[in-house]
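The values are calculated or read from the model by the stated rules, or taken from the named source; none is laboratory data. Note that this is a predicted model, so its numbers are computed, not measured. Here the Cβ is made from the backbone with ideal geometry for all residues, glycine too, and neighbour counts use every protein chain on show. Please note that ligands, DNA and RNA were not included when accessible areas were found on the heavy atoms of the full protein model with its side chains. Shrake-Rupley method; radii C 1.70, N 1.55, O 1.52, S 1.80 Å.
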Amino acid sequence: MKFSILHISDLHRDLSDEINNKWLLDSIENDFNQFSEQTPKIAKPSLCIVTGDLVYGVNFGIVDASKELQRQYTQAEEFLVGLADRLFDGRRDRVIILPGNHDICYEDVMSSLQQVKIPSDHDKKSYWLTNYFCLILN
(Lines give C-alpha, C1' and ligand atoms only; values in the text may rest on other atoms or scores of the structure.)
Protein backbone atom coordinates (compact mmCIF):
# COMPACT_ATOMS: atom_id res chain seq x y z
CA MET A 1 0.00 0.00 0.00
CA LYS A 2 1.45 3.35 -1.06
CA PHE A 3 0.59 6.57 0.63
CA SER A 4 2.06 10.01 1.11
CA ILE A 5 1.77 12.56 3.88
CA LEU A 6 1.54 16.30 3.42
CA HIS A 7 3.26 18.08 6.28
CA ILE A 8 2.50 21.77 6.83
CA SER A 9 4.09 23.72 9.65
CA ASP A 10 3.86 27.20 11.11
CA LEU A 11 0.87 28.57 9.27
CA HIS A 12 0.85 31.71 11.37
CA ARG A 13 0.73 34.65 9.05
CA ASP A 14 2.45 37.99 9.30
CA LEU A 15 -0.32 40.24 10.57
CA SER A 16 0.98 43.15 8.52
CA ASP A 17 0.83 41.21 5.22
CA GLU A 18 -1.57 38.27 5.53
CA ILE A 19 -2.04 35.87 2.66
CA ASN A 20 -5.65 34.85 2.21
CA ASN A 21 -6.82 31.25 2.41
CA LYS A 22 -7.84 31.01 -1.24
CA TRP A 23 -4.32 31.83 -2.42
CA LEU A 24 -2.76 29.31 -0.05
CA LEU A 25 -5.18 26.56 -1.02
CA ASP A 26 -4.85 27.33 -4.75
CA SER A 27 -1.06 27.12 -4.43
CA ILE A 28 -1.17 23.74 -2.66
CA GLU A 29 -3.68 22.36 -5.14
CA ASN A 30 -1.64 23.60 -8.12
CA ASP A 31 1.48 21.94 -6.72
CA PHE A 32 -0.29 18.59 -6.43
CA ASN A 33 -1.71 18.89 -9.93
CA GLN A 34 1.85 19.28 -11.26
CA PHE A 35 3.27 16.47 -9.13
CA SER A 36 1.06 13.85 -10.78
CA GLU A 37 2.62 14.70 -14.17
CA GLN A 38 6.24 14.40 -13.00
CA THR A 39 8.49 11.37 -13.16
CA PRO A 40 8.53 9.82 -10.68
CA LYS A 41 4.99 10.75 -9.77
CA ILE A 42 4.31 12.10 -6.33
CA ALA A 43 1.15 10.57 -4.94
CA LYS A 44 -1.70 12.71 -3.74
CA PRO A 45 -1.43 12.81 0.07
CA SER A 46 -3.39 10.30 2.11
CA LEU A 47 -3.40 12.67 5.04
CA CYS A 48 -2.04 16.01 6.18
CA ILE A 49 -0.25 16.73 9.42
CA VAL A 50 -0.31 20.39 10.43
CA THR A 51 2.27 21.13 13.11
CA GLY A 52 3.38 24.22 14.89
CA ASP A 53 1.64 27.51 15.03
CA LEU A 54 -1.70 27.72 13.24
CA VAL A 55 -2.13 31.36 14.26
CA TYR A 56 0.21 34.27 14.84
CA GLY A 57 -1.24 34.90 18.29
CA VAL A 58 -1.52 38.09 20.30
CA ASN A 59 0.73 39.64 22.90
CA PHE A 60 -0.24 40.11 26.53
CA GLY A 61 -2.12 43.34 27.18
CA ILE A 62 -3.33 43.96 23.62
CA VAL A 63 -6.72 45.68 23.42
CA ASP A 64 -9.40 43.24 22.16
CA ALA A 65 -6.87 40.39 22.34
CA SER A 66 -9.54 37.69 22.50
CA LYS A 67 -11.38 39.18 19.51
CA GLU A 68 -8.18 39.24 17.44
CA LEU A 69 -7.26 35.71 18.49
CA GLN A 70 -10.74 34.48 17.56
CA ARG A 71 -10.34 36.10 14.13
CA GLN A 72 -7.10 34.21 13.63
CA TYR A 73 -8.62 30.92 14.86
CA THR A 74 -11.49 31.37 12.41
CA GLN A 75 -9.05 32.05 9.57
CA ALA A 76 -7.04 28.92 10.46
CA GLU A 77 -10.20 26.80 10.72
CA GLU A 78 -11.40 28.00 7.32
CA PHE A 79 -8.02 27.08 5.83
CA LEU A 80 -8.07 23.59 7.38
CA VAL A 81 -11.65 22.93 6.26
CA GLY A 82 -10.73 24.12 2.76
CA LEU A 83 -7.70 21.83 2.78
CA ALA A 84 -9.88 18.85 3.74
CA ASP A 85 -12.43 19.79 1.07
CA ARG A 86 -9.88 20.16 -1.73
CA LEU A 87 -7.47 17.31 -0.99
CA PHE A 88 -9.52 14.76 0.94
CA ASP A 89 -13.07 15.07 -0.39
CA GLY A 90 -14.16 16.87 2.78
CA ARG A 91 -12.79 14.20 5.13
CA ARG A 92 -11.63 16.24 8.10
CA ASP A 93 -10.26 13.13 9.81
CA ARG A 94 -7.46 13.28 7.22
CA VAL A 95 -6.13 16.54 8.71
CA ILE A 96 -4.21 16.04 11.95
CA ILE A 97 -3.35 19.10 14.02
CA LEU A 98 -0.52 19.46 16.53
CA PRO A 99 -0.77 23.02 17.92
CA GLY A 100 2.21 25.17 18.81
CA ASN A 101 3.00 27.81 21.39
CA HIS A 102 1.36 30.60 19.35
CA ASP A 103 -1.96 28.74 19.41
CA ILE A 104 -2.74 29.45 23.05
CA CYS A 105 -4.15 32.64 24.48
CA TYR A 106 -1.18 34.19 26.25
CA GLU A 107 -3.45 36.49 28.23
CA ASP A 108 -5.40 33.51 29.61
CA VAL A 109 -2.18 31.77 30.57
CA MET A 110 -0.83 34.83 32.35
CA SER A 111 -4.09 35.53 34.17
CA SER A 112 -4.31 31.92 35.39
CA LEU A 113 -0.89 31.95 37.03
CA GLN A 114 -0.50 32.26 40.76
CA GLN A 115 2.81 32.81 42.51
CA VAL A 116 3.63 30.16 45.07
CA LYS A 117 6.31 30.97 47.62
CA ILE A 118 8.44 28.06 48.71
CA PRO A 119 9.15 28.23 52.45
CA SER A 120 12.76 28.83 53.45
CA ASP A 121 12.57 26.62 56.54
CA HIS A 122 13.94 23.16 55.62
CA ASP A 123 11.15 21.13 57.28
CA LYS A 124 8.38 23.30 55.86
CA LYS A 125 10.02 23.21 52.44
CA SER A 126 10.27 19.40 52.54
CA TYR A 127 6.64 19.11 53.58
CA TRP A 128 5.54 21.52 50.85
CA LEU A 129 7.55 19.77 48.12
CA THR A 130 6.37 16.32 49.21
CA ASN A 131 2.72 17.38 49.15
CA TYR A 132 3.08 19.39 45.95
CA PHE A 133 4.65 16.51 44.04
CA CYS A 134 2.06 14.10 45.46
CA LEU A 135 -0.63 16.31 43.90
CA ILE A 136 1.13 16.26 40.56
CA LEU A 137 1.71 12.50 40.56
CA ASN A 138 -1.82 11.65 41.67
Within the stretch 106-132, which residues are outside any helix (DSSP H, G or I) and of a type outside the set (A, V, I, L, M, F, W, C)? GLN114, GLN115, LYS117, PRO119, SER120, ASP121
Looking only at residues in the stretch 85-138 that are open to solvent by 90 Å² or more (accessible area, probe 1.4 Å), among the aromatic types (Phe, Trp, Tyr) and more than 30 Å from ILE49 (Cβ to Cβ), which one is modelled with the highest pLDDT? TYR127
Please name all residue pairs, on different chains or six or more residues apart, with Cβ atoms under 9 Å, provided the first residue is in the stretch 84-107 and is more than 22 Å from LYS22 (Cβ to Cβ) and the second residue is open to solvent by 90 Å² or more (accessible area, probe 1.4 Å) and not polar (S, T, N, Q). HIS102/TYR56; TYR106/PHE60; GLU107/PHE60
Restricting attention to the stretch 23-62, which residues are at pLDDT below 85, in a loop (DSSP other than H, G, I, E, B) and either hydrophobic (A, V, I, L, M, F, W, C) or in contact with a Lys or Arg (Cβ under 9 Å, 6 or more places away or on another chain) (or both)? SER36, ILE42, ALA43, PHE60, ILE62
Go through the stretch 91-110 and give me each residue that's more than 16 Å from GLY57 (Cα to Cα) and either over 17 Å from the mean Cα position of the chain (by Cα) or charged (D, E, K, R) (or both). ARG91, ARG92, ASP93, ARG94
Which of the residues spanning the stretch 27-62 are over 19 Å from ILE5 (Cβ atoms) and surrounded by 13 or more Cβ atoms within 10 Å (Cβ to Cβ)? ASP53, VAL55, TYR56, GLY57, VAL58, ILE62
